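**Q** Sending over a structure as structure tokens; questions will come in a sec.
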């Protein structure tokens, strides 16, 4: 009996070692795709790119060495990073009905990995998107009651600043904006008010979301990346490792409290609950999608806002121009829209991916079924071929109609592309427009001694760019 078990283990190890060797050493070479050098076949070469603090610089280095498209092996996944807008348009738009899935996120819980818009696949994704998407269209978000909620959240930020407004007061903008974006998501999509205290760091919902992020960096998650077969075991041990599932359920239940529909009408929360009662969503899908919508619309938008106010402080002439435009046109200012898009170009808050559903032959390379195609967004968004010789410069005017009409359809990827683009893009834009239009007309945003001289980006995960330092700025009452 022992010999049989040892034989089974031996066969498994031999298969796993061969698969690691093939993915790390042979896969890209056999398909004529450039890749960084292999240091060891166990880890592949993904760690040479995704080196946390150096990820952004490493991606630039390998594009300079290998060209606009190259492959890496990250854990058990084969990834293709590219700045080729024609290839991206083909995969994300022209063949979007074929290449629907994002690929396995290998998270230590079914709730985020299989049961939410983050990573569910094919018909399951289409069903969930069909429930959530219609509630986040611009027409729905322009409802008077939702506009009032967004305006009230922006007013809470202004009140917070007024209580501290003096020439020597500085604010951690990133921290404040995380509170604001959570407040707006809870208000606009979950019909929840009063859950966020701008004066306290002890917010239950905020703490739960922070724990979700911490879970993703846990060693158990890293183990799954390299040995996916361990995921069922680690899911069973979740309570004593990350408690990822319990944290996700806590976020979901908090967001789904008070299911009664107010007199203003239903929000996304009510559509999720109705779909669950009608059998269109399972319990796991209800929890997974509620938690995903709370988490996805929180940190990314807060980081974009922090980057935007930093850029406005760094470019006072742009800030003045924006203020004048907002005074004239309010939060629908065209220049405000250009400033937000230019910020997302320079400091994109997220990556995306598509898993190929069939082989693609492209420029002498064979891109195999199952390969994950990722826009190399740092380089794509600063590629002189698309953005000109001033691609590193904050110039919102590049999104003016007379310039934007010349853009390649796939050169701007802040919200992804195709039917599986960011489901919350309209809400994120509206949040930023509402808040900045209030702040910029009431305050002059300035650097102080504690302000970062530049915004450094690091990537704890290859899909998750994060601003390294606190964005501390001075808000001076006008």
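**Q** Regarding residue 148, is this residue at pLDDT 90 or above, out of contact with any strand residue (DSSP E or B) (no Cβ under 9 Å at 6 or more places or on another chain) and within 30 Å of residue 76 (Cα to Cα)?
**A** no
**Q** If you go through region 393-408 one residue at a time, do you hit one that is surrounded by 20 or more Cβ atoms within 10 Å (Cβ to Cβ), under 24 Å from residue 466 (Cα atoms), touching a residue at least 12 places away in the same chain (Cβ under 8 Å) and out of contact with any helix residue (DSSP H, G or I) (no Cβ under 8 Å at 6 or more places or on another chain)?
**A** no
**Q** Let me ask something else. Hey, could you check region 360-373 for residues that are at pLDDT below 95 and under 21 Å from the mean Cα position of the chain (by Cα) and say which is surrounded by the most Cβ atoms within 10 Å (Cβ to Cβ)?
**A** 371
**Q** Right, another one. Hey, among the residues in region 422-465 that are part of a strand (DSSP E or B) and touching a helix residue (DSSP H, G or I) at 6+ places or on another chain (Cβ under 7 Å), which one's modelled with the lowest pLDDT?
**A** 461
**Q** For region 286-340: of the residues being closer than 30 Å to residue 105 by Cα and part of a loop (DSSP other than H, G, I, E, B), which is modelled with the highest pLDDT?
**A** Restricting to residues being closer than 30 Å to residue 105 by Cα and part of a loop (DSSP other than H, G, I, E, B), the top hit is 298.
**Q** Evaluate the following for residue 357: is it crowded, with 17+ Cβ neighbours inside 10 Å and in a loop (DSSP other than H, G, I, E, B)?
**A** Judged against the criteria, residue 357 is not a match.
**Q** Another question, if that's okay. Among the helices (runs of 4 or more DSSP H) lying completely within region 26-106, list those that include at least 3 residues that are at pLDDT below 80 and out of contact with any helix residue (DSSP H, G or I) (no Cβ under 6 Å at 6 or more places or on another chain).
**A** Once the helices (runs of 4 or more DSSP H) in region 26-106 are filtered for at least 3 residues that are at pLDDT below 80 and out of contact with any helix residue (DSSP H, G or I) (no Cβ under 6 Å at 6 or more places or on another chain), what remains is 46-49.
The values are calculated or read from the model by the stated rules, or taken from the named source; none is laboratory data. What you see is a predicted model, and the numbers here were worked out from it, not measured in a lab. Reconstructed Cβ throughout: ideal geometry from the backbone, glycine too, with neighbour counts over all protein chains shown.
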